[in-house]
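Everything on this sheet refers to the single structure shown next.
The values are calculated or read from the model by the stated rules, or taken from the named source; none is laboratory data. Only a predicted model underlies this, so the values are computations on that prediction, with no experimental measurement involved. A quick note on method: Cβ atoms are made from the backbone with ideal geometry, for glycine too, and the neighbour counts reach across all protein chains shown.
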Amino acid sequence: MNSVHTGAVFFFSSLLMFLGATGCEPQEQKKVPVARDTDSKQQSADITAVMEGARLLDDAIDAQMGLDGIKAALQWSARSSGTYLGMPYSGITTFAGESMRMDIQAPGGEMSFVMGGKYCWSKTGPVVTPCSDAERKAYKEQFFWQEAARLYPLKQEGWVVKKSTTRTGDKDYPTLLISHRGHEGEARLVFDPKSMLLVSSRLPMVFNGQKGQMLTEMLDYRKQCGALLPFHTISTFEGKKVMEDRIDEYYCGPVREDLFPQPLQVADGTFLQYTTDAKTAFCTSVHGVVADTGQATDKLMKEVAAKKWVPMGPLFLVHLLAPDLASKERQAEALLCVPVSVPPPEKPQVSGDYVLKVFPPTKVLAVFGVGDYAAQFDRLSKRLNEELKTRKLKKSGPVIQIFHHDPSHVPTKKLVTELQAQVK
(Lines give C-alpha, C1' and ligand atoms only; values in the text may rest on other atoms or scores of the structure.)
Protein backbone atom coordinates (compact mmCIF):
# COMPACT_ATOMS: atom_id res chain seq x y z
CA MET A 1 0.00 0.00 0.00
CA ASN A 2 1.17 3.53 -0.68
CA SER A 3 1.05 5.70 2.40
CA VAL A 4 -0.49 9.07 3.11
CA HIS A 5 3.11 10.21 2.82
CA THR A 6 2.83 9.70 -0.95
CA GLY A 7 0.60 12.72 -1.27
CA ALA A 8 2.19 14.75 1.49
CA VAL A 9 5.68 14.21 0.12
CA PHE A 10 4.86 15.49 -3.36
CA PHE A 11 2.82 18.38 -2.02
CA PHE A 12 5.37 19.68 0.46
CA SER A 13 8.32 18.82 -1.70
CA SER A 14 7.15 20.94 -4.59
CA LEU A 15 6.37 23.81 -2.23
CA LEU A 16 9.93 23.64 -0.99
CA MET A 17 11.64 23.16 -4.36
CA PHE A 18 12.32 19.46 -3.80
CA LEU A 19 15.80 18.71 -5.22
CA GLY A 20 17.35 15.61 -6.68
CA ALA A 21 20.72 14.85 -8.19
CA THR A 22 20.94 14.99 -11.99
CA GLY A 23 23.28 12.03 -12.06
CA CYS A 24 25.37 13.51 -14.87
CA GLU A 25 28.92 12.27 -15.16
CA PRO A 26 31.82 14.02 -16.90
CA GLN A 27 32.69 12.70 -20.33
CA GLU A 28 36.16 11.36 -20.89
CA GLN A 29 38.19 13.78 -23.04
CA LYS A 30 40.35 12.49 -25.86
CA LYS A 31 43.90 13.80 -25.93
CA VAL A 32 44.75 15.83 -29.04
CA PRO A 33 47.83 17.92 -29.83
CA VAL A 34 46.10 21.26 -29.07
CA ALA A 35 44.60 20.05 -25.79
CA ARG A 36 47.20 21.77 -23.61
CA ASP A 37 46.50 25.18 -25.10
CA THR A 38 42.74 24.59 -24.94
CA ASP A 39 42.96 23.38 -21.37
CA SER A 40 45.04 26.38 -20.39
CA LYS A 41 42.49 28.80 -21.83
CA GLN A 42 39.65 26.93 -20.13
CA GLN A 43 41.43 26.98 -16.79
CA SER A 44 42.02 30.71 -17.14
CA ALA A 45 38.34 31.27 -17.97
CA ASP A 46 37.28 29.13 -14.99
CA ILE A 47 39.53 31.09 -12.64
CA THR A 48 38.08 34.36 -13.93
CA ALA A 49 34.54 33.04 -13.55
CA VAL A 50 35.25 31.97 -9.96
CA MET A 51 36.80 35.34 -9.04
CA GLU A 52 33.91 37.24 -10.60
CA GLY A 53 31.49 34.83 -8.94
CA ALA A 54 32.90 35.66 -5.52
CA ARG A 55 32.39 39.38 -6.18
CA LEU A 56 28.84 38.81 -7.44
CA LEU A 57 28.04 36.72 -4.35
CA ASP A 58 29.27 39.53 -2.09
CA ASP A 59 27.11 42.06 -3.97
CA ALA A 60 24.05 39.80 -3.71
CA ILE A 61 24.58 39.28 0.03
CA ASP A 62 24.95 43.05 0.54
CA ALA A 63 21.68 43.59 -1.35
CA GLN A 64 19.92 41.35 1.18
CA MET A 65 21.14 43.40 4.16
CA GLY A 66 24.47 41.57 4.49
CA LEU A 67 25.42 38.29 6.16
CA ASP A 68 24.24 39.54 9.55
CA GLY A 69 20.84 40.40 8.10
CA ILE A 70 20.47 37.05 6.35
CA LYS A 71 21.51 35.07 9.44
CA ALA A 72 19.15 37.13 11.59
CA ALA A 73 16.31 35.77 9.43
CA LEU A 74 17.13 32.09 10.00
CA GLN A 75 14.23 31.68 12.44
CA TRP A 76 10.80 32.78 11.31
CA SER A 77 7.23 31.73 10.52
CA ALA A 78 5.17 32.84 7.54
CA ARG A 79 1.44 32.66 6.85
CA SER A 80 0.77 32.15 3.15
CA SER A 81 -1.78 30.98 0.58
CA GLY A 82 -1.76 30.00 -3.06
CA THR A 83 -2.31 27.17 -5.50
CA TYR A 84 -0.60 23.81 -5.95
CA LEU A 85 -1.26 22.09 -9.29
CA GLY A 86 -4.27 24.38 -9.63
CA MET A 87 -5.70 23.53 -6.20
CA PRO A 88 -5.95 26.14 -3.42
CA TYR A 89 -4.13 25.85 -0.10
CA SER A 90 -3.22 27.99 2.88
CA GLY A 91 -1.00 27.48 5.89
CA ILE A 92 1.98 28.39 8.03
CA THR A 93 5.64 27.57 7.40
CA THR A 94 8.14 27.68 10.28
CA PHE A 95 11.96 27.66 9.98
CA ALA A 96 14.40 27.18 12.85
CA GLY A 97 18.01 26.44 11.96
CA GLU A 98 18.04 23.05 10.18
CA SER A 99 14.41 22.24 10.98
CA MET A 100 11.28 23.21 9.08
CA ARG A 101 7.57 22.65 9.72
CA MET A 102 4.56 23.24 7.49
CA ASP A 103 0.91 23.22 8.59
CA ILE A 104 -1.31 23.22 5.51
CA GLN A 105 -5.03 23.32 4.79
CA ALA A 106 -5.58 21.88 1.31
CA PRO A 107 -8.02 19.70 -0.63
CA GLY A 108 -8.03 16.45 1.30
CA GLY A 109 -7.80 18.07 4.73
CA GLU A 110 -5.25 19.49 7.15
CA MET A 111 -1.66 18.26 7.00
CA SER A 112 1.47 18.92 9.02
CA PHE A 113 4.99 18.08 7.94
CA VAL A 114 8.41 18.33 9.57
CA MET A 115 11.77 17.78 7.87
CA GLY A 116 15.41 18.68 8.36
CA GLY A 117 17.47 18.26 11.50
CA LYS A 118 16.78 15.09 13.48
CA TYR A 119 12.99 15.05 12.98
CA CYS A 120 11.05 13.89 9.91
CA TRP A 121 7.33 13.05 9.90
CA SER A 122 3.92 14.01 8.55
CA LYS A 123 0.50 14.11 10.21
CA THR A 124 -2.97 13.98 8.67
CA GLY A 125 -5.79 14.22 11.17
CA PRO A 126 -4.72 12.11 14.18
CA VAL A 127 -2.47 9.81 12.11
CA VAL A 128 1.32 10.28 12.23
CA THR A 129 3.56 8.90 9.47
CA PRO A 130 7.33 8.73 10.07
CA CYS A 131 9.67 9.31 7.14
CA SER A 132 11.36 6.32 5.56
CA ASP A 133 15.16 6.19 5.40
CA ALA A 134 15.00 7.06 1.70
CA GLU A 135 12.81 10.08 2.41
CA ARG A 136 15.13 11.29 5.15
CA LYS A 137 18.04 11.10 2.73
CA ALA A 138 16.11 12.94 0.02
CA TYR A 139 15.01 15.69 2.39
CA LYS A 140 18.54 16.16 3.66
CA GLU A 141 19.65 16.79 0.08
CA GLN A 142 16.69 19.10 -0.47
CA PHE A 143 17.46 21.14 2.61
CA PHE A 144 21.12 21.40 1.56
CA TRP A 145 20.23 23.05 -1.76
CA GLN A 146 17.39 25.07 -0.31
CA GLU A 147 19.77 26.67 2.19
CA ALA A 148 22.29 27.33 -0.58
CA ALA A 149 19.70 29.53 -2.33
CA ARG A 150 19.72 31.70 0.80
CA LEU A 151 23.32 32.62 -0.17
CA TYR A 152 25.10 32.57 3.19
CA PRO A 153 26.24 28.88 2.93
CA LEU A 154 28.06 29.72 -0.33
CA LYS A 155 30.78 31.45 1.71
CA GLN A 156 31.71 28.11 3.26
CA GLU A 157 34.23 25.55 2.03
CA GLY A 158 33.27 23.02 -0.63
CA TRP A 159 31.24 25.36 -2.82
CA VAL A 160 32.25 26.27 -6.37
CA VAL A 161 30.66 29.56 -7.36
CA LYS A 162 31.08 30.87 -10.91
CA LYS A 163 29.71 33.97 -12.58
CA SER A 164 27.66 33.64 -15.76
CA THR A 165 24.95 35.58 -17.59
CA THR A 166 21.31 34.76 -18.30
CA ARG A 167 19.71 36.60 -21.21
CA THR A 168 15.96 37.18 -21.13
CA GLY A 169 14.61 39.15 -24.06
CA ASP A 170 17.09 41.97 -24.62
CA LYS A 171 18.23 42.09 -21.00
CA ASP A 172 21.25 40.39 -19.39
CA TYR A 173 20.99 39.17 -15.80
CA PRO A 174 24.07 38.43 -13.66
CA THR A 175 24.00 34.75 -12.71
CA LEU A 176 25.74 32.40 -10.28
CA LEU A 177 26.35 28.78 -11.25
CA ILE A 178 26.79 26.90 -7.98
CA SER A 179 27.94 23.36 -7.29
CA HIS A 180 29.41 21.51 -4.32
CA ARG A 181 32.30 19.07 -4.28
CA GLY A 182 30.35 16.66 -2.07
CA HIS A 183 27.06 16.74 -4.02
CA GLU A 184 25.97 16.06 -7.58
CA GLY A 185 24.13 18.62 -9.68
CA GLU A 186 24.34 22.34 -10.36
CA ALA A 187 22.01 25.21 -9.54
CA ARG A 188 21.56 28.53 -11.33
CA LEU A 189 20.79 31.69 -9.32
CA VAL A 190 19.76 34.77 -11.32
CA PHE A 191 19.88 38.32 -9.96
CA ASP A 192 18.35 41.64 -10.94
CA PRO A 193 21.15 43.78 -12.45
CA LYS A 194 20.03 46.91 -10.58
CA SER A 195 18.92 45.74 -7.14
CA MET A 196 21.10 42.55 -7.12
CA LEU A 197 18.22 40.69 -5.44
CA LEU A 198 17.66 37.04 -6.36
CA VAL A 199 14.89 36.96 -8.98
CA SER A 200 14.93 33.27 -9.90
CA SER A 201 16.55 29.93 -9.15
CA ARG A 202 16.75 26.97 -11.49
CA LEU A 203 17.38 23.79 -9.55
CA PRO A 204 17.85 20.11 -10.46
CA MET A 205 14.83 18.23 -9.17
CA VAL A 206 12.95 14.96 -9.14
CA PHE A 207 9.21 15.69 -9.20
CA ASN A 208 6.67 12.87 -9.27
CA GLY A 209 9.40 10.46 -10.34
CA GLN A 210 10.62 12.64 -13.22
CA LYS A 211 14.03 14.30 -13.36
CA GLY A 212 14.11 17.85 -14.59
CA GLN A 213 14.53 21.50 -13.63
CA MET A 214 12.38 23.50 -11.22
CA LEU A 215 12.32 27.22 -11.99
CA THR A 216 11.22 29.45 -9.10
CA GLU A 217 10.65 33.18 -9.57
CA MET A 218 10.98 35.46 -6.51
CA LEU A 219 8.87 38.64 -6.55
CA ASP A 220 7.76 41.49 -4.30
CA TYR A 221 10.72 41.81 -1.90
CA ARG A 222 10.11 43.55 1.41
CA LYS A 223 12.22 44.11 4.50
CA GLN A 224 11.31 41.50 7.13
CA CYS A 225 13.18 39.89 10.03
CA GLY A 226 16.29 41.96 9.33
CA ALA A 227 16.58 40.99 5.65
CA LEU A 228 14.83 41.48 2.32
CA LEU A 229 12.51 38.52 1.73
CA PRO A 230 10.20 37.70 -1.23
CA PHE A 231 6.44 37.77 -0.63
CA HIS A 232 5.47 36.13 -3.92
CA THR A 233 6.94 33.05 -5.64
CA ILE A 234 5.97 31.10 -8.77
CA SER A 235 7.39 27.63 -9.50
CA THR A 236 7.30 25.70 -12.77
CA PHE A 237 8.68 22.24 -13.55
CA GLU A 238 9.80 21.65 -17.10
CA GLY A 239 7.51 24.44 -18.28
CA LYS A 240 4.43 23.33 -16.30
CA LYS A 241 3.21 25.53 -13.46
CA VAL A 242 3.36 23.67 -10.16
CA MET A 243 2.84 26.23 -7.43
CA GLU A 244 2.19 29.91 -6.76
CA ASP A 245 2.58 31.17 -3.20
CA ARG A 246 1.89 34.57 -1.63
CA ILE A 247 3.10 35.42 1.85
CA ASP A 248 0.49 37.23 3.91
CA GLU A 249 2.70 37.88 6.91
CA TYR A 250 6.10 36.96 8.38
CA TYR A 251 6.61 36.38 12.10
CA CYS A 252 10.22 37.03 13.13
CA GLY A 253 12.33 35.79 15.98
CA PRO A 254 12.83 32.53 17.89
CA VAL A 255 10.23 29.81 17.31
CA ARG A 256 8.92 27.16 19.70
CA GLU A 257 11.19 24.11 19.86
CA ASP A 258 8.25 21.81 20.69
CA LEU A 259 6.87 22.25 17.15
CA PHE A 260 9.35 19.77 15.66
CA PRO A 261 9.42 16.49 17.70
CA GLN A 262 7.15 13.74 16.37
CA PRO A 263 3.74 13.70 18.15
CA LEU A 264 2.13 10.59 19.60
CA GLN A 265 0.42 8.17 17.21
CA VAL A 266 -3.35 7.77 17.33
CA ALA A 267 -4.27 5.05 19.84
CA ASP A 268 -5.81 1.74 18.75
CA GLY A 269 -9.60 1.86 19.17
CA THR A 270 -9.88 5.66 18.95
CA PHE A 271 -13.23 6.94 17.61
CA LEU A 272 -13.62 10.22 15.75
CA GLN A 273 -16.79 11.77 14.33
CA TYR A 274 -16.14 14.40 11.67
CA THR A 275 -16.93 15.60 8.15
CA THR A 276 -14.51 14.50 5.44
CA ASP A 277 -13.14 16.90 2.82
CA ALA A 278 -14.10 16.57 -0.83
CA LYS A 279 -11.53 14.72 -2.93
CA THR A 280 -11.03 13.57 -6.49
CA ALA A 281 -9.94 9.93 -6.64
CA PHE A 282 -8.87 7.40 -9.27
CA CYS A 283 -10.42 3.98 -8.65
CA THR A 284 -10.62 0.41 -9.88
CA SER A 285 -12.89 -2.48 -8.86
CA VAL A 286 -11.57 -5.40 -6.80
CA HIS A 287 -13.37 -8.66 -6.04
CA GLY A 288 -12.85 -11.62 -3.77
CA VAL A 289 -10.54 -11.31 -0.78
CA VAL A 290 -10.38 -7.53 -0.53
CA ALA A 291 -7.56 -7.65 2.02
CA ASP A 292 -5.30 -8.98 -0.76
CA THR A 293 -5.10 -5.93 -3.03
CA GLY A 294 -1.38 -5.93 -3.79
CA GLN A 295 -1.64 -6.64 -7.53
CA ALA A 296 -4.53 -4.23 -8.01
CA THR A 297 -2.60 -1.55 -6.10
CA ASP A 298 0.45 -1.95 -8.34
CA LYS A 299 -1.66 -1.63 -11.49
CA LEU A 300 -3.55 1.37 -10.12
CA MET A 301 -0.40 3.26 -9.16
CA LYS A 302 1.27 2.49 -12.51
CA GLU A 303 -1.76 3.94 -14.26
CA VAL A 304 -1.56 7.08 -12.09
CA ALA A 305 2.16 7.43 -12.90
CA ALA A 306 1.49 6.97 -16.63
CA LYS A 307 -0.99 9.85 -16.51
CA LYS A 308 1.61 11.95 -14.60
CA TRP A 309 -0.85 12.61 -11.80
CA VAL A 310 0.35 13.29 -8.27
CA PRO A 311 -1.14 11.10 -5.48
CA MET A 312 -2.64 13.32 -2.78
CA GLY A 313 -3.41 10.93 0.06
CA PRO A 314 -3.58 7.32 1.25
CA LEU A 315 -5.14 4.43 -0.62
CA PHE A 316 -8.64 3.48 0.47
CA LEU A 317 -11.27 0.79 -0.18
CA VAL A 318 -14.96 1.58 -0.61
CA HIS A 319 -16.71 -1.63 0.48
CA LEU A 320 -19.67 -1.94 -1.87
CA LEU A 321 -20.30 -5.47 -0.58
CA ALA A 322 -18.41 -6.00 2.67
CA PRO A 323 -16.47 -9.22 3.30
CA ASP A 324 -18.77 -10.21 6.17
CA LEU A 325 -21.68 -10.36 3.70
CA ALA A 326 -19.84 -12.31 1.02
CA SER A 327 -20.37 -15.99 0.23
CA LYS A 328 -19.21 -18.56 -2.32
CA GLU A 329 -21.96 -17.38 -4.66
CA ARG A 330 -21.53 -13.70 -3.92
CA GLN A 331 -17.98 -12.31 -3.82
CA ALA A 332 -16.98 -9.29 -1.79
CA GLU A 333 -16.69 -6.22 -4.00
CA ALA A 334 -14.95 -2.90 -3.42
CA LEU A 335 -13.48 0.13 -5.13
CA LEU A 336 -9.74 0.58 -4.60
CA CYS A 337 -8.97 4.30 -4.86
CA VAL A 338 -6.21 6.86 -4.50
CA PRO A 339 -6.78 10.66 -4.25
CA VAL A 340 -5.08 12.50 -7.14
CA SER A 341 -4.18 16.07 -8.09
CA VAL A 342 -6.83 16.42 -10.80
CA PRO A 343 -9.59 19.04 -11.06
CA PRO A 344 -12.92 17.46 -10.03
CA PRO A 345 -14.87 16.13 -13.05
CA GLU A 346 -18.53 17.11 -13.39
CA LYS A 347 -19.43 13.40 -13.60
CA PRO A 348 -17.48 10.13 -13.18
CA GLN A 349 -15.08 9.52 -16.07
CA VAL A 350 -14.77 5.83 -16.94
CA SER A 351 -11.76 4.53 -18.87
CA GLY A 352 -11.46 0.76 -19.18
CA ASP A 353 -11.13 -0.74 -15.70
CA TYR A 354 -10.74 2.66 -14.06
CA VAL A 355 -12.94 5.57 -13.03
CA LEU A 356 -12.11 9.13 -11.98
CA LYS A 357 -14.75 10.43 -9.60
CA VAL A 358 -15.43 12.96 -6.86
CA PHE A 359 -16.09 11.93 -3.27
CA PRO A 360 -18.09 14.79 -1.71
CA PRO A 361 -17.78 15.92 1.92
CA THR A 362 -19.43 13.29 4.11
CA LYS A 363 -20.30 12.97 7.79
CA VAL A 364 -18.58 9.87 9.18
CA LEU A 365 -17.92 7.99 12.38
CA ALA A 366 -14.40 6.55 12.18
CA VAL A 367 -12.47 4.05 14.27
CA PHE A 368 -8.70 3.66 14.08
CA GLY A 369 -6.81 0.39 14.44
CA VAL A 370 -3.08 -0.27 14.80
CA GLY A 371 -1.57 -3.50 13.49
CA ASP A 372 -1.57 -5.87 10.50
CA TYR A 373 -3.87 -4.55 7.75
CA ALA A 374 -5.20 -8.04 6.96
CA ALA A 375 -6.51 -8.50 10.51
CA GLN A 376 -8.23 -5.13 10.93
CA PHE A 377 -11.51 -5.18 9.00
CA ASP A 378 -13.50 -7.73 11.00
CA ARG A 379 -12.24 -6.43 14.35
CA LEU A 380 -12.87 -2.76 13.55
CA SER A 381 -16.24 -3.47 11.90
CA LYS A 382 -17.51 -5.05 15.11
CA ARG A 383 -16.36 -2.11 17.23
CA LEU A 384 -17.72 0.41 14.74
CA ASN A 385 -21.17 -1.23 14.65
CA GLU A 386 -21.31 -1.28 18.46
CA GLU A 387 -20.38 2.41 18.63
CA LEU A 388 -23.00 3.30 16.01
CA LYS A 389 -25.65 1.72 18.22
CA THR A 390 -24.33 3.47 21.32
CA ARG A 391 -24.46 6.86 19.59
CA LYS A 392 -27.79 6.02 17.91
CA LEU A 393 -26.37 6.71 14.45
CA LYS A 394 -27.47 5.06 11.21
CA LYS A 395 -25.28 4.23 8.22
CA SER A 396 -26.00 6.23 5.07
CA GLY A 397 -23.54 4.64 2.66
CA PRO A 398 -20.78 2.05 2.19
CA VAL A 399 -17.99 1.55 4.71
CA ILE A 400 -14.61 3.00 3.69
CA GLN A 401 -11.29 1.49 4.82
CA ILE A 402 -8.23 3.78 4.68
CA PHE A 403 -4.67 2.43 4.74
CA HIS A 404 -2.60 5.25 6.23
CA HIS A 405 0.85 3.68 6.08
CA ASP A 406 3.17 2.00 3.59
CA PRO A 407 4.08 -1.52 4.84
CA SER A 408 7.39 -1.32 3.00
CA HIS A 409 8.82 1.07 5.61
CA VAL A 410 6.39 1.01 8.57
CA PRO A 411 6.50 -2.15 10.76
CA THR A 412 3.37 -4.33 10.54
CA LYS A 413 2.56 -3.85 14.21
CA LYS A 414 2.51 -0.04 13.72
CA LEU A 415 0.34 0.18 10.58
CA VAL A 416 -2.72 2.40 11.02
CA THR A 417 -6.11 1.55 9.48
CA GLU A 418 -9.11 3.85 9.58
CA LEU A 419 -12.61 2.41 9.09
CA GLN A 420 -15.32 4.97 8.29
CA ALA A 421 -19.08 4.57 8.43
CA GLN A 422 -21.01 7.25 6.58
CA VAL A 423 -23.74 8.48 8.90
CA LYS A 424 -26.89 10.60 8.76
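Brief remarks on what is shown
- Looking across region 366-423 at every residue that is of a type in the set (D, E, K, R) and either closer than 23 Å to P311 by Cα or not assigned by TED's automatic domain parsing to the domain that holds V318 (or both), the one that is modelled with the lowest pLDDT is identified as D406.
- Annotation: of all residues in region 190-203 being part of a strand (DSSP E or B) and touching a helix residue (DSSP H, G or I) at 6+ places or on another chain (Cβ under 8 Å), the one that is nearest to M65 (Cα to Cα) is L198.
- Complete set of residues in region 188-203 that are surrounded by fewer than 20 Cβ atoms within 10 Å (Cβ to Cβ) and touching a residue at least 40 places away in the same chain (Cβ under 8 Å): S195, M196, L197
- Any hit, region 135-145, residues being farther than 30 Å from L415 by Cβ and charged (D, E, K, R): no
- Selection of region 110-133 for residues being at positive phi, touching a residue at least 40 places away in the same chain (Cβ under 8 Å) and buried (at least 18 other Cβ atoms within 10 Å of the Cβ) yields only G125.
- Some residue of region 154-167 being within 29 Å of the chain's Cα centre (by Cα), closer than 23 Å to V114 by Cα and either without any contact (Cβ under 8 Å) to a residue 40 or more places away in the chain or exposed (fewer than 11 other Cβ atoms within 10 Å of the Cβ) (or both): no
- All positions within region 48-67 that are touching a strand residue (DSSP E or B) at 6+ places or on another chain (Cβ under 9 Å), assigned to a helix (DSSP H, G or I), on the phi < 0 side of the Ramachandran plot and at pLDDT below 85: T48
- Restricting region 380-424 to residues that are closer than 20 Å to M111 by Cα and touching a His at 6+ places or on another chain (Cβ under 6 Å), the residue that is surrounded by the fewest Cβ atoms within 10 Å (Cβ to Cβ): L415
- Residue that is in contact (Cβ under 8 Å) with a residue 12 or more places away in the chain and part of a strand (DSSP E or B), where the choices are V355, V350: V355
- Restricting region 78-109 to residues that are among the charged types (D, E, K, R) and free of Cβ contacts under 8 Å to residues at least 60 places away in the same chain, the residue that is farthest from V342 (Cα to Cα) is E98.
- From the list L219, L229, the one residue that fits, being among the hydrophobic types (A, V, I, L, M, F, W, C), touching a Phe, Trp or Tyr at 6+ places or on another chain (Cβ under 9 Å) and without any contact (Cβ under 8 Å) to a residue 60 or more places away in the chain, is L219.
- Selection status of T412, more than 24 Å from the chain's Cα centre (by Cα) and polar (S, T, N, Q): yes
- Residue check, E157 farther than 19 Å from L228 by Cα and in contact with a Ser or Thr (Cβ under 7 Å, 6 or more places away or on another chain): no
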